[in-house]
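K.L.:
Please read through the structure below; I'll follow up with questions.
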Amino acid sequence: MIHWRAGVIAALLASSFWLAVLTQPANLDLEIREPGWSHDFLRYYRPNAEYAAMRWASGEPPLWNPRQGFGAPFLATLQPAAIYPPNVLHLALDSQHAFVALAALHLAWAAFAMAGLAGALGSDRVGATAAGLLYALSVSVVGAVWTPTTLYAASWLPAVLWAVDAVCRRPDRRHVTALAAATALQALTGWIYVVVMTALAAALYGFGVLVGDAVRQRRLPWRTVLALAAGAGTGVLLAAPLLLPARELVGASTRAVGTLIAAQATGAGLHDPAELWSQMLRHGTIDAVSGWGALALALLALALPGAGRGRTALLVGIGLLALGVSFPMHLPLYDALRELPLLGDFRFPYRYRLVTSASLCAAAGVGLTHLGALLARRLPGLAPSAAVAVLTLVVAAQAIPLSRGLTRFPRSAAPPSTPAQQLAEAGVDLLDPPRARTLWSGLSRRTGDEVLYTVNDLEPLTLATTARLLNHFQLGRPLTVLPSRVRPRPGEDAPPAAPFYGMVALPPSSDREPLLDLASVQRVVARDTDGWWQLRYPRESRPDAELPVYRNPDALPRAYRVHQAIPEPSDPRIAVRRLVSPGFDARRMVMLSPLPVAPPRTAAAAAAPESTRIERYEEERVVVHTAGPTPAILVLTEAHFPGWEVRVDGVPAELLRANTAFRAVLVPEGAHDVEFRYRPASWRHGWALAALAALGLMASWVRPRRS
């Protein structure tokens, strides 16, 4: 049964509690101290939201971001949720107010959807209200406000389960459409961990219900099976504009399926059952259980007779399975899931407890209903009041410690200090040279600047080619992913799991410094005042400036010509090492893949007058004018990736990969305009599939005309 009033009440209470208690007008120290989980929010989610809003406001889809690494796909990285419909609020509000409004919206939806799920399992109005509030105000949901896409995906989890239950009860077009919409919208939130977890939980729940129905009816309900497949499949197709580019990127990233090793997919404290139990005893609530009261009510749902007990038990069993998966170092369940695509490549298995929390909250609503029915038989006059009192006590027991322990989210924030502003304060002219690529050793205070291009401010889905170069530069190991437990060499920091969030540091020696030259890194910011860079690079910042900035005079320009090509070794690690070998001169030669049939090689060409300049530089389009008396190889030190096309004087040409990571093209003698344009087929194909899915849904609602 759908209790609309209960869902609305739970939604209003959850969003009101968020706005009134869990937020604050402002936090002046937020940009400096970065409390709690705000690090990812300040360095990743907010800059990405601002970048996406800026691109959409200009009328362009944010497909590529040249400001990260050597350039990287943006929309395909999933977590910016660049085409998630509610994020349109970022176009109407400043980023901080938009995040506050979106959190309130999604907490309200989480409460409403959970109330609907609990009602479908047999809860009455009071029980449905309790379930909605317990879930929306759980640590795993409201605690994710600092990682917004996690919150958005978590808010859709009960909606997907509710839609699956509805299709199993009545496989009509209305419920199929609801399942498709919930599946698509959760996928568009971009938090693939929660999306895949939800898919696994929904599949197990639907399978369990179908088996139960088949046993009772002594036949398989094929209509229900087809309806579930149609709803889920249509939802995936509706999200294809995001999922297809993401699939293309994952295969070329540091997190390609099967590359993440077990040492990185686990952690100590977060995945220790003893630590989890200790937190439960100290705080009364954890990210798997919404308090002792909710746990007691969930047990009552299984112990007391009442409607929906079978489906409730099934859902609780799925939640316990998810809880077991979250202990990878103590139970074998996580290793079993690693055999499945994607499911084993989670760096944070504790996120599985979100399914546990959802199942227990839904069961708690059913348990409160069963308790109310029991009280109605024993104390007819006091039963309604007693049920409301239990609801109040259980929710208060969860909300009070939550309000004390959760870092309050500021409703407004001053514009952050960007790297460009920091360098300007140090006396560095950012306009000369234009689009100067900068390596910021350690962590920059902010990212996403409109002028500064930092090579080390990368996505979690870092391109593997970029990661190899940066890992080799920092640690001397040309790997895409480094084990977290590897003992660092003398003078080195512990290696990161992957070079993102600006975690690239300068190595202790200058042996691999040529990689900076070949990547066109014109500036180096190093707070450490004792290193080889002081001897090799002149200081560009003022002598009295707090931020030391050094200029690399040997950096290659972003676009240049060479006349000698050598084949790139098949082993990418050997190829990266060759870039810093004594016999490789990046100003004279280039490694190409594939090697042209007849690469231009002339001894006189190097001494001939030549010119190369970038005429136009946009996110998805770069125009280079080049001239020379002989044929040459034009190298652009921007990331090579599928979807980039090149034209020479308007004629399509073959795009080559240069020096393992960059773009190159052969150009004839004379003057030419070379245009590089990013036009990924996955983006176009995704919209075509989404359009077909939408047309199919609309066709299902067209009633056939009677003859």
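The values are calculated or read from the model by the stated rules, or taken from the named source; none is laboratory data. Predicted model only: the values in this text are computed from it and were never measured. Methodologically, a virtual Cβ is constructed for each residue, glycine included, from the backbone with ideal geometry; neighbour enumeration extends over all protein chains shown. SASA here: full protein model, heavy atoms, side chains in, ligands and nucleic acids out. Shrake-Rupley method; radii C 1.70, N 1.55, O 1.52, S 1.80 Å.
K.L.:
Given charges of +1 on the Cβ of Lys and Arg and -1 on the Cβ of Asp and Glu, with all other atoms neutral, how large is the dipole of the chain about its Cα centre, in debye to the nearest 20?
P.N.:
Value, rounded to 20: 2560 debye.
K.L.:
For residue 532 paired with residue 222, estimate the spin-label separation in nm (one decimal), with each label point 7 Å from Cα along the Cα-to-Cβ line.
P.N.:
In this crude spin-label approximation the distance works out to 7.0 nm.
K.L.:
Report for the chain the percent antiparallel among DSSP-assigned beta bridges with both residues inside it, nearest 5. Each step should come with its number before you reach the end.
P.N.:
On the way: 44 of 58 bridges.
Antiparallel bridges: around 75 percent, rounded to the nearest 5.
K.L.:
May I ask you to compute the full-extension gain from residue 647 to residue 97, defined as 0.36 nm times their residue separation minus their alpha-carbon distance, rounded to one decimal in nm? Working shown, then result.
P.N.:
On the way: separation 550, 0.36 × 550 = 198.00 nm, distance 4.31 nm.
This chain segment gains 193.7 nm when fully extended.
K.L.:
Per residue of the chain, what 222 nm ellipticity follows from adding -39500 (n - 2.57) for every DSSP H run with n ≥ 4, rounded to the nearest 500? Don't jump to the answer; show the numbers that get you there.
P.N.:
Values: 24 runs with 324 residues, N = 707.
That comes out to -14500 deg cm²/dmol.
K.L.:
Let me check something: with ligands and nucleic acids excluded, how do 425, 513, 615, 275 order by accessible area (1.4 Å probe), largest to smallest? All intermediate terms of the calculation are to be shown ahead of the outcome.
P.N.:
Working: 425 125, 513 5, 615 95, 275 65 Å².
Ranked list, largest accessible area first: 425, 615, 275, 513.
K.L.:
So, in nm, how far is label residue 544 from label residue 698 when the simple model puts each one 7 Å beyond its Cα toward the Cβ?
P.N.:
Roughly 6.7 nm, to one decimal.
K.L.:
Sticking with this one: Residue separation times 0.36 nm, minus the C-alpha to C-alpha distance between residue 671 and residue 329: what's the value? Don't skip to the end; give the middle numbers.
P.N.:
Numbers: separation 342, 0.36 × 342 = 123.12 nm, distance 6.20 nm.
Gain in length upon complete extension: 116.9 nm.
K.L.:
Here is a further query. Can you tell me the 0 to 90 degree angle between the C-alpha axis of helix 681-700 and the longest principal axis of the chain, rounded to 10?
P.N.:
Orientation of helix 681-700: about 30 degrees from the principal axis.
K.L.:
Taking only C-alpha pairs under 8 Å that are 6+ residues apart, what is the relative contact order of the chain in percent? Display every interim value, and only then the final one.
P.N.:
Details: 1365 pairs, mean separation 100.7, N = 707.
Relative CO of the chain lands at 14 percent.
K.L.:
Calculate, for residue 20 and residue 588, the FRET efficiency according to 1/(1 + (r/R0)^6) with r their C-beta to C-beta distance and R0 56 Å; round to the nearest 0.05.
P.N.:
Working: r = 66 Å, r/R0 = 1.19.
Computed FRET efficiency for residue 20 and residue 588: 0.25.
K.L.:
Taking θ = phi - 60°, what integer Hz values does the Karplus form 6.51 cos²θ - 1.76 cosθ + 1.60 yield along the range 226-232, in sequence order, with x for Gly and Pro?
P.N.:
So the J values, rounded to whole Hz, are 5, 5, 4, 5, 5, x, 5.
K.L.:
Mind checking which of 681, 692, 634 is farthest towards the positive end of the range 627-701's charge dipole, using Cβ charges of +1 (Lys, Arg) and -1 (Asp, Glu) about the Cα centre?
P.N.:
Positive-end residue among those listed: 692.
K.L.:
If contacts are Cα pairs under 8 angstrom and at least 6 residues apart, what is the relative contact order of the range 85-140 in percent? Write out the running numbers ahead of the final one.
P.N.:
Working: 38 pairs, mean separation 16.8, N = 56.
Relative contact order, the range 85-140: 30 percent.
K.L.:
List the trypsin sites (Lys or Arg not before Pro) within the range 204-238 that DSSP assigns to loop and that have no more than 14 neighbouring Cβ atoms inside 10 Å. Numbers along the way, then the final one.
P.N.:
Working: sites: 216, 218, 219, 223; in loops: 218, 219.
Counting only loop positions with at most 14 other Cβ atoms within 10 Å, the trypsin sites (Lys or Arg not before Pro) in the range 204-238 are 218, 219.
K.L.:
With labels modelled as points extended 7 Å from the Cα through the Cβ direction, what inter-label distance (nm, one decimal) is found for residue 414 paired with residue 581?
P.N.:
So the two model labels end up 5.4 nm from each other.
K.L.:
OK, next. So what's the projected area for the chain, the Cα convex hull averaged over all directions, in nm²?
P.N.:
Working: hull surface 145.6 nm².
Convex hull of Cα atoms, orientation-averaged projection: 36.4 nm².
K.L.:
Moving on. Give the accessible surface of the range 607-702 per residue, rounded to a whole number of Å², with probe radius 1.4 Å and ligands, DNA and RNA excluded. Could you put the intermediate results ahead of the total?
P.N.:
Working: 4260 Å² over 96 residues.
Result: 44 Å² of accessible area for each residue.
K.L.:
For the chain, with all protein chains present and a 1.4 Å probe, just round the carbon and sulfur fraction of the accessible area to a whole percent. Walk me through the intermediate numbers first.
P.N.:
Working: 17960 of 29270 Å².
About 61 percent, which is the carbon plus sulfur part of the accessible surface.
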